[in-house]
2 protein chains.
Amino acid sequence: MNAYRRTLNSIRPPDHSLEPSIRAHLDDLTKPQGSLGRLEELALQYCLVQGTDRPKLGAKRVCCLAGDHGVADEGVSAFPKEVTPQMVHNMLAGGAAVNVLTRHVNAQLTIVDMGVATPMDNAPGLCRRRIRGGTDNIAVGPAMTRDEVEAALSAGIELAEAAAAEGVTMLGSGDMGIANTTPATALLAAYLGCPVEEITGRGTGIDDQRLAHKIAVIKRALEINRDSLADATDALAALGGFEIAGIAGLMLGAAAKRLPMVVDGFISTAGAAAACAICPPVREYLIFSHLSHERGHRAVVKALRARPVLELDMRLGEGTGAALAMTIVEAGVKIYNEMATFSGAAVSTKQS
Amino acid sequence: MNAYRRTLNSIRPPDHSLEPSIRAHLDDLTKPQGSLGRLEELALQYCLVQGTDRPKLGAKRVCCLAGDHGVADEGVSAFPKEVTPQMVHNMLAGGAAVNVLTRHVNAQLTIVDMGVATPMDNAPGLCRRRIRGGTDNIAVGPAMTRDEVEAALSAGIELAEAAAAEGVTMLGSGDMGIANTTPATALLAAYLGCPVEEITGRGTGIDDQRLAHKIAVIKRALEINRDSLADATDALAALGGFEIAGIAGLMLGAAAKRLPMVVDGFISTAGAAAACAICPPVREYLIFSHLSHERGHRAVVKALRARPVLELDMRLGEGTGAALAMTIVEAGVKIYNEMATFSGAAVSTKQS
C-alpha cells in the first residue's frame, strides 16, 4: 500500500476538548484579554494541532517542490521553461528569495525535484522525488496518470514523515514551476467552484492579451478533463502538477503527523484545496501564510474560510510567504509559553 | 540649548536621488519584478532613510517608554493605575509580551521611566528619564508645562542618539501607561482633525458606558486646552503624556540620526502625529508597524498616509507590534542585500 492510501485513514481532526484550558492560559497572561489578537489564535491552533496545552517548538522546515508543466507550451507564462531548473540551481546555491527568508527566520529548506523537465544531475543537496520530466499539457488531456498522482502525493507525505522524524514541529510549503499558476487556477476552479475569469491572474507578469489566452486555456483544460473532476484525486491527476500534488501530499502527511502546516501562496493554496477535497479534516492543520498579490487569491482563501496571516503584496511563491508567516506563528507560541501570568507576576487584573 | 531645539534644525528629508539605483538593484534580483511587494518597498525606504544603496543591518532596539496620566482619575481605563509600575517591573523581569517578542526577533529592549507615578527605586535595568510622577489631568488643564514637554522630547531624542552611537540601525517605539489611549486620542483628534467619536476606542477593554464617558472626557480636554492647540509642541504639552512626548522625541532623534523608525500601535501613532506636526520631514523616516485593533487606528493611519506592515488584531502596545514588524523590515533589507541577481545566477529573464 502506498503512503497516500495508508495515510488517508490515519488523519483525524484535532481534539477540541483541550480548547478551554488553552484559552484559560492565554487569558491568564499579563495583558488585556485577547489583546494579542491573531498571535493568540495562532497559538491556540498550534496547540490543537499538536494535541497539547503545552506546545513544543522544534525546528521549522520549508519544503520547496519543483516541477514542470506541459501546459507551458501554450505560452501562458512570461518566463521560459528553462527557468525552472535555473531557479532550482539558484536555490541550491542559496541565492533565491526563499533562501534569504528561510535563513532569516531560522527555518530549514528542502528543495525537491518532483518533475523538472531537465535532468538535474549535477545538483548536490537536491532531494530527488522526480515522478517524470514534466506533466502532460492539461489543455489537451490529463496532466498525469492516477498512479503518478498517487506517487506524487506519497512523495509529499513521506517528506512530512521525514520532517517529523527529524524533529521538525512546523512545516511550510513552497513551489517552483514555470507556468504553474495555470494548473493551480484550474484546480481551484474545479475544487472551489470559483469562476475562471475571476481567479486567473498574471502569474510572473503576463500582459492583457496573454491573460485572455490563459483564461481560454484553463477553460479548455476544465472542459477536456470534465469527466475526471468528480473524484478529488482524479481531478488532481487531470489538472495538477507534480509539485502541486506533492504539496497536497505534504499537507496530508503534516495532518497525519500532527504538524502545523503553513501554506505558502497561490500555488500552495491549490495544493491545500486538493488536500482538503481529498481529506477534509486536513483543513484544521493548515495556516494560510499570506494573501498573495496574485489576482484571485482573495476569492479562493475566502472559499477555503481562511484568513491569511500576512498581506504584503507578495506573489513569488517558492515558500517565501510561508517562511515569513512561520516566524509569526512561532511568536504566538512563544507568547503562550514564555509570558508571565497575572498571578505569577503580581500584576493587578482588570477592574470589574 | 536642549536636545529638542538643537535637533529640529538638523532634520532633513531623505535624498531621493538614490531611488533609481535602488530600484534597479531590486529589479535585477532573481524574481519577477515587484513580486516581493512590500518587502521591496520597505527595503527602498530603509535605503533612503540610511541615505545609501548599500544598506547596513546592525542591531535593532525597541524603546518602551512608561508614564502615568492624571486623566486616569476620571475612570477612563479598565485597569487600575498601579498596573503601570507593575508592568514596568514585569518587563524588567522579562515576562511581558514585549520581552517575548523582542527576544524572538533578536531586538534589544530598553525600558524607560518617563514619569511613572510610583517611585521606581528598586528597578535594576530601568532607564531613568523621569520628568515627574505623572501628568496633570488633561480634562481640567494642560498635562504638563512647556519646559516639561521639551524635557520629555529631549529625553526621547537622546535615547535615539544613544542607540545610534551604540550600533543600532533600526529603532522601534513602545509605550506603557494606564489610561494613555485617552491623551493619545485627544492628540490625534487635535493634530489630524479626526472626530473624537470615530477614533475613541476601548483601550484595554472598557464597556459601552465607560466608552461614552471617555469620549466626553476627551472632548472636555480638547475644549479646556483649546488655546494651546495652534502650536504643535504646545498641543503636546497640553494633551500628551510624558511617554508619548518621549516617543515623539525618539522619532525626531531617529530622523536626525537617519535611523529607520518603526512605529508601534495606537499610542505610538499619537507620538508620530506629534513628531510630524512638530517637524514634517520626520514622516519619511517612519514605518508603521501594524494596524491596531484599537478602534480609530485605521482612520488615523489613513490620515497620516500610512499603510501598516502587519494587521494581526493586536491592541497591546508596549512595542509588541514594532518588534514583529522590525523582523519583516529586516527581511526586506536582507532580500536586497543577499539575493542573487539575474546576471550573476545565470537565470533567464522575462520573455518580451
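The values are calculated or read from the model by the stated rules, or taken from the named source; none is laboratory data. Here the structure is a predicted model, which is why all the values come from computation and not from measurement. Using ideal geometry, Cβ is built from the backbone for each residue, glycine included, and neighbour counts are taken over all protein chains shown. Side chains are part of the model used for accessible areas, which takes the heavy atoms of the whole protein and leaves out ligands, DNA and RNA. Shrake-Rupley method; radii C 1.70, N 1.55, O 1.52, S 1.80 Å.
Three principal axis extents, largest first, for the C-alpha atoms of chain A, in Å?
Result, largest extent first: 68, 42, 39 Å.
Using Cα atoms only, what is the angle between the long axis of helix A:19-28 and the major principal axis of chain A, expressed in degrees (0 to 90) to the nearest 10?
60
Taking trypsin sites (Lys or Arg not before Pro) that fall in a DSSP loop and have at most 14 other Cβ atoms within 10 Å as cut points, what is the longest piece of chain B between them?
Result, exposed sites excluded: B:57-304.
How high is the relative contact order of chain B, in percent, with contacts defined as C-alpha pairs under 8 Å that are six or more residues apart?
26
Give me the log10 of I(q) over I(0) for the stretch A:171-210 at q = 0.19, 0.27, 0.31 Å⁻¹, as the Debye formula computes it from C-alpha points; what are the numbers?
Summing over Cα pairs of the stretch A:171-210 leads to -0.63, -1.00, -1.09.
Got a sec to turn the phi values of the stretch B:301-312 into Karplus ³J(HN,Hα) couplings, 6.51 cos²θ - 1.76 cosθ + 1.60 with θ = phi - 60°, whole Hz, x for Gly and Pro?
In residue order, the calculated couplings are 5, 5, 4, 8, 6, 10, 10, x, 5, 10, 9, 10 Hz.
Which values of log₁₀ I(q)/I(0), to two decimal places, follow from the Debye formula for the stretch A:199-269 at q = 0.20 Å⁻¹ with a uniform point scatterer at every Cα?
Listed by q, the Debye log ratios stand at -0.98.
Which angle between 0 and 90 degrees, to the nearest 10, do you get for helix A:37-50 versus the longest principal axis of chain A when only C-alpha atoms count?
Tilt relative to chain A: about 80 degrees.
For helix B:181-192, what angle does its Cα long axis make with the longest principal axis of chain B, in degrees from 0 to 90 and rounded to 10?
60
Which value, in debye to the nearest 20, describes the size of the charge dipole of chain B about its Cα centre when Lys and Arg Cβ atoms bear +1, Asp and Glu Cβ atoms bear -1, and nothing else is charged?
Computed about the Cα centre, the dipole is about 620 debye.
With a probe of 1.4 Å, find how much accessible area the stretch B:59-328 has per residue, and write the answer as a whole number in Å².
Solvent-accessible surface per residue comes out at 30 Å².
Please state the Cα pair-distance histogram of the stretch B:203-352 with 5 angstrom bins from zero: what percent is in each bin?
The calculated distribution, bin by bin, is 2, 9, 15, 17, 18, 13, 9, 6, 4, 3, 2, 2, 1, 0.
Apply the Karplus parameterisation 6.51 cos²θ - 1.76 cosθ + 1.60, with θ equal to phi minus 60°, to every residue of the stretch A:115-120 and state each ³J(HN,Hα) to the nearest whole Hz, in sequence, with x for glycine and proline.
Listing the rounded values in order: x, 6, 5, 7, x, 9 Hz.
Whose amide H sits under 5 Å from the amide H of B:Val262, counting only residues 5 or more places off or on another chain, with H placed in the peptide plane?
Under 5 Å from the amide H of B:Val262: B:Leu171, B:Gly172, B:Ser173, B:Ile287.
Can you give the accessible area buried between chains B and A, summed over both chains, with a 1.4 Å probe, in Å² to the nearest 100?
4800
Taking 2.2 N^0.38 Å as the expected size of a compact globular protein, what ratio does the Cα radius of gyration of the stretch A:87-139 give against it, to two decimals?
Working it through for the stretch A:87-139, the quotient is 1.29.
Could you work out how far apart the two model spin labels at A:Ser17 and B:Leu18 are, taking each label as a point 7 Å from the Cα in the direction of the beta carbon, and quote it in nm?
Rounded to a tenth, the inter-label distance reads 6.0 nm.
Round to a whole angstrom and tell me the spacing of the C-alpha centers of the stretch A:175-190 and the stretch B:128-198.
Measuring centre to centre over Cα atoms gives 51 Å.
With labels modelled as points extended 7 Å from the Cα through the Cβ direction, what inter-label distance (nm, one decimal) is found for A:Glu284 paired with A:Arg220?
4.4
Note the direction-averaged projected area, equal to a quarter of the hull surface, for the Cα convex hull of the stretch B:43-184, in nm².
Here the figure is 9.7 nm², rounded to one decimal.
Are there any residues in the stretch B:83-104 with a reduction of at least 10 Å² in accessible surface when going from the isolated chain to the assembly of protein chains? Probe 1.4 Å, please list them by number.
B:Val83, B:Gln86, B:Met87, B:Asn90, B:Gly95, B:Ala97, B:Val100, B:Leu101, B:Arg103, B:His104
Between copies, how far does the label point of B:Pro124 sit from its twins, in nm, shortest first, when each point is 7 Å from Cα along Cα→Cβ?
5.0
Hey, what number do you get for chain A at 222 nm if only DSSP H runs of n ≥ 4 count, each worth -39500 (n - 2.57), divided across all residues, to the nearest 500?
-14500 deg cm²/dmol
Under a 5 Å amide H to amide H cut-off, with H placed in plane at 1.01 Å, what residues pair with A:Leu109 once short-range neighbours are removed?
Long-range HN contacts for A:Leu109: A:Val62.
Using a 1.4 Å probe over the heavy atoms of the protein chains, calculate the carbon and sulfur portion of the accessible area of chain A as a whole percent.
49
How big is the Rg/Rh ratio for the stretch A:258-329, C-alpha atoms only, Rh by Kirkwood, two decimals?
With Rh from the inverse mean 1/r over Cα pairs, Rg/Rh is 0.93.
Please list, ordered by chain and number, the residues whose modelled amide H lies under 5 Å from the amide H of A:Asn225; skip anything fewer than 5 residues away on the same chain.
For A:Asn225, whose amide H was placed from the backbone, there are no distant partners under 5 Å.
Between A:Thr145 and the same site in the other copies, what are the distances in nm, shortest first, taking label points 7 Å from Cα along the C-beta direction?
9.0
Karplus couplings for the stretch B:336-350 from phi (6.51 cos²θ - 1.76 cosθ + 1.60, θ = phi - 60°), rounded to Hz, Gly and Pro as x?
After applying 6.51 cos²θ - 1.76 cosθ + 1.60, I find 4, 7, 10, 6, 6, 9, 4, 5, x, 9, 6, 10, 5, 8, 4 Hz.
Dividing the convex hull volume of the Cα atoms of the protein assembly as shown by its residue count, what figure in Å³ per residue is obtained?
Spelled out: Cα convex hull of the protein assembly as shown, divided by residues, is 149 Å³.
In nm, what does the list of distances from A:Asp15 to its counterparts in the other copies look like, shortest first, when each label sits 7 Å along Cα to Cβ?
List, nearest first: 6.4 nm.
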